[in-house]
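Data first, discussion second: the structure below is written as structure tokens.
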Amino acid sequence: MKLFKRDFTMVVIGQIISLFGNAILRFALPLYLLRETNSSSLFGAVTASSFIPMIIFTLLGGVIADRKNKRNIMVILDFTTAAIILLFIPMLGKVPIVPLMIAVLMILFGISGAYQPAVQASIPLLTEKETLMKGNAVINMVSTLSGLLGPIIGGILFGSFGILPILFISTGCFVFSAVMEIFIHIPYVKQSDNKSVLRAAGFDLRECLAYVKNDKPIFLSVLVILALFNLVLSAAMVVGIPIMVVQVLEMSDTALGITEAAMGLGGLAGGIIAGTAAQKMKLKNGWITLVLCSLAALLMGISLFEFIPPLVGYIIITAGSFGAMCAATMFSVSLFTAVQQQTPPHLLGKIMAVITAISSCSQPLGQAVYGVLFDTLSNMPYTVMIGSAAASMAVALGSKRIFERLDK
């Protein structure tokens, strides 16, 4: 079966451009805040605040993705993102940085949350059943490729010229992507129930919960595992990597860009492995990939011991970032493929959105807590990551039976 047909190929190209713009923004804006305030607690709190609208709009995005033309959703949101950045540029330096950054990051993350369900729900419509896992792997690879290039280029630009060039480049990416997406055709049947988005969200959420309760109760167990893992490990990575590299090890902006690019490279490797070994990958072994993520966090904690030279510690953190993202991507591809295969098409966007949103609810809390912990334990930062590794290892080992049941 041919995977790269015209419309799927255009979705992939649009994702490359749009996600690259998103990647350099998500690298530069939090780093700008950390450099300006030099506060781990504030950095964690602002990052946590930005995730809350992403969770809410992921749920709404799932509703919209199942009821509206998915191509139009992508086009409108890319144009809207470009407009938000253009409004942000003249306010930079004239409005207090903390409230301005909170507002902009909340809006941008909210748009991102609404955008991804449309992309995920379009994949089964643009691929055959036999190529679905490969299609998911390609989309994950695109995301991680953008995450690979974005931090490297963002780090160089930010270190050399500041934040303004990044804002202009990302605006161009979103505009270009939106124009190209206009010409994509994604199968769409208009629904005529005349419900508002909020009423539809309530109705669809009840429908999803009824489906999960009656037909797929195992999904609830999966949600608990994902939420716990995001709380104890994902949040530690999001907040901890910039703090460890920039504040603890006192490395440059470019060095942080290389580390985050290593995460992108790890995701790319994980996507390649998932795509080429699609028939051999079993979700029942998903707990192993979560264990690998925990071991990567443990290595990061060890790298912060005082007797380890900063450069060696930096290399360990960068290598750990690569390994954690590789394992996480392999896990995500196999999990989303299993959910897509076991969910009716008319519920697909909503179920994907519910899984993403509910499993991420714990992450803002974790980010805020880890920001405070890195400030409180600034003399012993390694204890934060080692504690995170121990907690996530317990979650991973406890998930074995759940993924075995889901795989069946």
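The values are calculated or read from the model by the stated rules, or taken from the named source; none is laboratory data. The shown structure was predicted, so the numbers you read here are calculated from the model rather than taken from an experiment. So basically every Cβ, Gly included, is an ideal-geometry build from the backbone, and we count neighbours across all protein chains shown. The protein model used for the area step is the full one, side chains on, heavy atoms only, and it has no ligands, DNA or RNA in it. Shrake-Rupley method; radii C 1.70, N 1.55, O 1.52, S 1.80 Å.
General remarks:
- Rg in Å to one decimal, and Dmax rounded to a whole Å, for region 314-356 via C-alpha atoms: 14.8, 47
- Mean separation of Cα pairs under 8 Å and 6 or more residues apart, divided by the residue count, gives the chain a relative contact order of 29 percent.
- For the chain, calculated [θ]222 nm from helices alone, where every DSSP H run of n ≥ 4 adds -39500 (n - 2.57): -27500 deg cm²/dmol
- Relative to the compact-globule estimate of 2.2 N^0.38 Å, the Cα radius of gyration of region 1-120 comes out at 1.18.
- Legend: distances between Cα atoms for Lys70/Lys400; Lys68/Lys213; Lys216/Lys284; Lys134/Lys213; Lys5/Lys216; Lys68/Lys284; pairs beyond 24 Å are Lys70/Lys400; Lys68/Lys213; Lys134/Lys213; Lys5/Lys216; Lys68/Lys284.
- Residues of the chain were split at every exposed loop site, defined as GluC sites (Glu not before Pro) in a DSSP loop with at most 13 other C-beta atoms within 10 angstrom, and the longest piece left, sites excluded, is 1-127.
- Distance between region 346-390 and region 240-306 - C-alpha centres, whole angstrom: 15 Å
- Size-normalised alpha-carbon gyration radius of the chain, reference 2.2 N^0.38 Å: 0.94
- Relative to the current alpha-carbon distance between Asn38 and Ala390, full extension at 0.36 nm per residue lengthens the span by 123.9 nm.
- Mean-square fluctuations from a GNM of the chain, with a 10 angstrom spring cutoff on Cα atoms, peak among Lys284, Lys94, Lys68 at Lys94.
- Scalar couplings 3J(HN,Hα) for region 177-184, obtained by applying the Karplus form with A = 6.51, B = -1.76, C = 1.60 to θ = phi - 60°, are 4, 4, 4, 5, 5, 4, 8, 8 Hz; x denotes Gly and Pro.
- Share of carbon and sulfur in the accessible area of the chain stands at 69%, probe radius 1.4 Å.
- Summarising the overall dimensions of region 330-408 from its C-alpha atoms, the Rg and Dmax are 16.8, 53 angstrom.
- Per residue value of the accessible surface for region 241-316 (all protein chains in place, 1.4 Å probe), Å²: 43 Å²
- The calculated FRET efficiency for the pair His185 and Ile288, based on their C-beta separation and a Förster distance of 41 Å, comes to about 0.55.
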